[in-house]
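The structure appears right after this line, and notes come after that.
The values are calculated or read from the model by the stated rules, or taken from the named source; none is laboratory data. Note that this is a predicted model, so its numbers are computed, not measured. Here the Cβ positions follow ideal geometry from the backbone for every residue, glycine too, while neighbour counts run over all protein chains shown.
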């Protein structure tokens, strides 16, 4: 019997005081999205022709994609490398990935000038193969569907034998139950295909996001302008995927009054320094090969951000994850995971709008209040839907609450 079979909905009150505050912030933030849809990008953002990539691309899209990497990294760990004792992390990681990619699509829609054309990549005769983002768009679109298919058995498990429609709709109860059982049976037989497809697609678009600014080498600071950009994005995503699994589990344990699952998180965190070490080695190798280390004492904004996001929030967590004392400590593990997650956020933000230096920019880009508000609203929306999902679906392991 796998750990998945012990998953159960969380029996907690949904609208706690914290959830009411979260909902208020979410509604307030998303209202700026409505404002942007009505009045356009110019009225709601500080984006222009010189700075077309801002906070929404750096955080909502690029960071969102990276932090959603827990879905394919945990899938690879359990199903490819046969680490069955990590099975309990699959469902929460899958939910986090599904919500992450869903809201990446939502965030991207706000950033598009003609947001109502976001469906065009789904139509073959509208494809633009010359675009750097074509492969990213196709992979994300397909992978999002894969994630929903991977999550479907959880929904089937929740409602099989429990379909109870009211009033005249009750006549469809048996039919819906048959459909759910059939879907669950079929998906169970072919799920390995979607798991492998998800791993491949994730590797493709994680790396391709790093390709986006390779086409603009003269507009990037030397520390961040590298042909190795795709490899940076891919290797950092490998590491932050499992880090996000640890972070999400810690937050869920705290929110639902449970003990941290250290019997799983400690072994998982033992893998992270190997993945993080690969990213650090690739990054340092690039600096040595291109001799960009000579810019480290420059004092410009991109260099300061490099010292923070790489020197402080990547290298330091690497050594923390190397420590067995940290891995056994819930607080130490949470601090290390939080540091690297913030480091990834700052890295993606730096790449897309801090280290980006247009040749004839009249002024620096500073995100508008509406950009910050909508980003916060989207983050709160992810947390809201996550809580909704674990409250009504068997996502988290059924555990004794303390």
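Restricting the search to segment 138-149, which residues are surrounded by 21 or more Cβ atoms within 10 Å (Cβ to Cβ) and without any contact (Cβ under 8 Å) to a residue 60 or more places away in the chain?
Result: 146, single match.
Determine, yes or no, whether residue 197 is under 30 Å from residue 235 (Cβ atoms), surrounded by 15 or more Cβ atoms within 10 Å (Cβ to Cβ) and modelled with pLDDT of 90 or more.
Considered against the rule, which asks whether it is under 30 Å from residue 235 (Cβ atoms), surrounded by 15 or more Cβ atoms within 10 Å (Cβ to Cβ) and modelled with pLDDT of 90 or more, residue 197 comes out as yes.
One residue is enough: does segment 83-98 have a residue meeting the conditions free of Cβ contacts under 8 Å to residues at least 24 places away in the same chain and more than 21 Å from residue 201 (Cβ to Cβ)?
Yes: one or more hits.
Cβ-Cβ distance below 6 Å, separation of 6 or more or different chains: which pairs start in segment 99-115 with a residue that is on the phi < 0 side of the Ramachandran plot and in contact (Cβ under 8 Å) with a residue 60 or more places away in the chain and end on one that is crowded, with 17+ Cβ neighbours inside 10 Å and outside any helix (DSSP H, G or I)?
Pairs found: 100/68.
Could you tell me whether residue 351 is buried (at least 17 other Cβ atoms within 10 Å of the Cβ) and assigned to a loop (DSSP other than H, G, I, E, B)?
For residue 351, the condition - buried (at least 17 other Cβ atoms within 10 Å of the Cβ) and assigned to a loop (DSSP other than H, G, I, E, B) - is not met.
Can residue 182 be described as part of a helix (DSSP H, G or I), modelled with pLDDT under 90 and over 30 Å from residue 279 (Cβ atoms)?
no
Every residue in segment 247-256 that is within 12 Å of residue 88 (Cβ to Cβ) and in a loop (DSSP other than H, G, I, E, B), please.
Scanning segment 247-256 gives no hits.
Check whether at least one residue in segment 120-129 is assigned to a helix (DSSP H, G or I), closer than 20 Å to residue 202 by Cβ and within 20 Å of the chain's Cα centre (by Cα), and report yes or no.
Scanning segment 120-129 turns up no residue that is assigned to a helix (DSSP H, G or I), closer than 20 Å to residue 202 by Cβ and within 20 Å of the chain's Cα centre (by Cα).
Answer yes or no: is there a residue in segment 240-254 that is within 16 Å of the chain's Cα centre (by Cα) and closer than 17 Å to residue 282 by Cα.
Yes, segment 240-254 contains at least one residue that is within 16 Å of the chain's Cα centre (by Cα) and closer than 17 Å to residue 282 by Cα.
Kindly indicate the residue of segment 210-246 that is at pLDDT below 90 and assigned to a helix (DSSP H, G or I) and also farthest from residue 144 (Cα to Cα) among those meeting that condition.
Among those residues, the one meeting the criterion is 218.
Find the residue count for segment 150-205, including only residues that are farther than 24 Å from residue 395 by Cβ and either touching a residue at least 24 places away in the same chain (Cβ under 8 Å) or in contact with a helix residue (DSSP H, G or I) (Cβ under 8 Å, 6 or more places away or on another chain) (or both).
The qualifying residues number 3.
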